[in-house]
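Worksheet: the structure to be examined is printed underneath.
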Amino acid sequence: MSVPSQNAKLKAKSAHLYYGAYHALKDVTFDIPKRAITAIIGPSGCGKSSLLRMFNRMNDLIPGARVEGDILLNGESIYQKSMDVVSLRKKVGMVFQKPNVFPMSIYDNITIGPKRYGIKGRAELDEIVERSLSQVTMWNEVKDELKKPGLLLSAGAQQRLCIARALAVEPDVILMDESCSALDPESTMKIEELMLELTGKYTIIIVTHNMEQARRVSDMSAFMMIDHDKVGILAEYSPTVEMFSNPKDQRTEDYITGRFG
Amino acid sequence: MKTFRENLSGYIFMLLALSSISALALITVFIIVQGAPLIADVGVIDFIFGMTWAPSQGEYGIFPMIIGSLSVTLGAVILGVPVGICCAIFLAEFAPVKLRNLFRPAIQLLAGIPSVVYGFWGLIFIVPFIRDYLGGPGLSILAASVILAIMILPTVISISEVSILALPRQYKEGALALGMTHWQTIFYVILPAAKSGIVAAIILGIGRAIGETMAVIMVVGNATAIPTSILDPVRTLTTNIGIEMGYASGEHRQALFATGIVLFIIIMVLNSLAQYITRKK
């Protein structure tokens, strides 16, 4: 759509998603720009999270899930047979709705990913921990208690730790699935600031219920809804400024002005 | 206002609940009253570390039986725990629903087989096999370990599986989303997270193995000597009671109750340990 093709990090091309016989998403086509924040918005149950989970193939975990059409990462199909899902997920990190810090120390939470890719040296791991935690502005808070269980942190700090954990494996893309919805306003603000800082280096896609959040942080907005067949569709995709000031689609306008959803 | 009937039914339920606890209290008091005087006479150290069990000569040392119980239990753990944990991982993580629905009741059934049947099967199948192919009398630590390993499987499998399945789905998703393989996810995230439940499963399995009597009597040989190899026969604490209670009287009978006290303490410690570990989280 309005993104110059060479600038696209991810492209959805006539992508359909089925859960068994259930058609969840229909004919989604859009380009997600590099090093920018794209927000996916829309009413509950329209398939926002499902769409997000197509980008790192998390839908593979659901028995019966099937994708038609294609999604390209750096111009390469991620649904082709030869695709290595593990290396895809290394490049496309994900932060979930509820902080899912593992029941282990802060240090181990960060290093668990890099260790799997063969990084074993203590110094190198220490460096990754410091870098990742600094990126999420937590280093000064926790540098003296890296051995502490991650689960003892506050919810907001846990979510930032999850972001740091995702950053530790050096992804290109970060998917954030309503990552602030379980947090208080202050923690939400911190995460939003973080997203803005990270756009310089990463392509970020967020799913959010919070219109204000989409407006505050995103460069592009994708509005999804359920069509008359009860299938999720991408109704409008445009720069956030445009969508919120001058939505092209009547349904988008109704939604963002709070008339439904 | 509570009616008289509600109050009454409350009391009746409490009475019934108390009866199960009081059974425990009664048994505890009984075995202590019966066994403690003998331990006092012989001396705690001489009783527990005494090497000779010869009731007719008034010698009551249960150390060979303690070694016997420990060795068959250790054997059962070495053989049974890895199998049980792998089975639990398979059921929780890999098995298709159909297979899982077949496996679960089958494992429950394993717990339902009477122990005398296990013992009988061991006696006519395992014992000759060991005698013919590995040597020794066949009635041995190894035979008992094999039987006990099978008998602790249901405990180990079901408790481990439940503790794996109780983990939030988000752990697994988070690990996979980091680009970890399914196996890495299991080894580095799921198993460590389920650790306390799995350890509890092992401890309860140990408790079951130490307490088992009938099946062990039939395959373990019951010799009251310190074993030098896993092919040697031994006598366990439980089988000591099981074998001799029929004809014991007086001091001898007290000594069997005293054996029961030791067993009782071991099981209590194991159960409390399991409780403590699962609650700690």
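Each reported figure results from applying straightforward, stated rules to the coordinates on display, with no laboratory input. Here the structure is a predicted model, which means the values were calculated and not measured. When we count neighbours, we look across all protein chains shown, and the Cβ atoms used for this are built from the backbone with ideal geometry, even at glycine.
In this entry, A:Val101 passes the filter for residues that are under 24 Å from A:Gln158 (Cβ atoms) and of a type in the set (A, V, I, L, M).
Does at least one position in the range B:156-165 carry a residue that is of a type in the set (S, T, N, Q) and within 30 Å of A:Met83 (Cα to Cα)? Talk me through it step by step, then tell me what you get.
The first filter runs over the range B:156-165 and keeps only residues of a type in the set (S, T, N, Q), leaving B:158, B:160, B:163.
Subsequent filtering for residues that are within 30 Å of A:Met83 (Cα to Cα) retains none.
No, there is no match, as no residue in the range B:156-165 is of a type in the set (S, T, N, Q) and within 30 Å of A:Met83 (Cα to Cα).
Scanning the range A:227-257 for residues that are among the small types (Gly, Ala, Ser) and touching a residue at least 24 places away in the same chain (Cβ under 8 Å) turns up A:Gly232, A:Ala235, A:Ser238. If you go through the range A:187-198 and pick out every residue that is over 25 Å from A:Gly47 (Cβ atoms) and touching a strand residue (DSSP E or B) at 6+ places or on another chain (Cβ under 9 Å), you end up with 2. Just a yes or no: is a residue in the range B:234-247 buried (at least 19 other Cβ atoms within 10 Å of the Cβ), more than 17 Å from the chain's Cα centre (by Cα) and on the phi < 0 side of the Ramachandran plot? Scanning the range B:234-247, I find at least one residue that is buried (at least 19 other Cβ atoms within 10 Å of the Cβ), more than 17 Å from the chain's Cα centre (by Cα) and on the phi < 0 side of the Ramachandran plot, so the answer is yes. Residues that are within 16 Å of A:Leu61 (Cα to Cα), at the interface with chain A (Cβ under 7 Å from one of its Cβ atoms) and surrounded by fewer than 21 Cβ atoms within 10 Å (Cβ to Cβ) within the range B:169-193 comprise B:Gln170, B:Tyr171, B:Glu173, B:Thr181, B:Gln184, listed in sequence order.
Of A:Leu151, A:Leu167, which residue is of a type outside the set (Asp, Glu), assigned to a helix (DSSP H, G or I), free of Cβ contacts under 8 Å to residues at least 60 places away in the same chain and within 11 Å of chain B (Cβ to nearest Cβ)?
Values: A:Leu167 fails: free of Cβ contacts under 8 Å to residues at least 60 places away in the same chain.
So the residue among A:Leu151, A:Leu167 that is of a type outside the set (Asp, Glu), assigned to a helix (DSSP H, G or I), free of Cβ contacts under 8 Å to residues at least 60 places away in the same chain and within 11 Å of chain B (Cβ to nearest Cβ) is A:Leu151.
Yes or no: the range B:150-159 includes at least one residue that is more than 12 Å from every other protein chain (Cβ to nearest Cβ), surrounded by fewer than 18 Cβ atoms within 10 Å (Cβ to Cβ) and of a type outside the set (Lys, Arg). Can you show your working first?
First pass over the range B:150-159, keeping only residues more than 12 Å from every other protein chain (Cβ to nearest Cβ): B:150-159.
The next check asks that each one be surrounded by fewer than 18 Cβ atoms within 10 Å (Cβ to Cβ); those that pass are none.
Looking through the range B:150-159, none of the residues is more than 12 Å from every other protein chain (Cβ to nearest Cβ), surrounded by fewer than 18 Cβ atoms within 10 Å (Cβ to Cβ) and of a type outside the set (Lys, Arg).
Here's the yes/no breakdown for (1) under 30 Å from B:Ile217 (Cβ atoms); (2) within 14 Å of chain A (Cβ to nearest Cβ):
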| site | (1), (2) |
| --- | --- |
| B:Ala95 | no, yes |
| B:Phe103 | no, no |
| B:Leu110 | yes, no |
| B:Phe129 | yes, no |
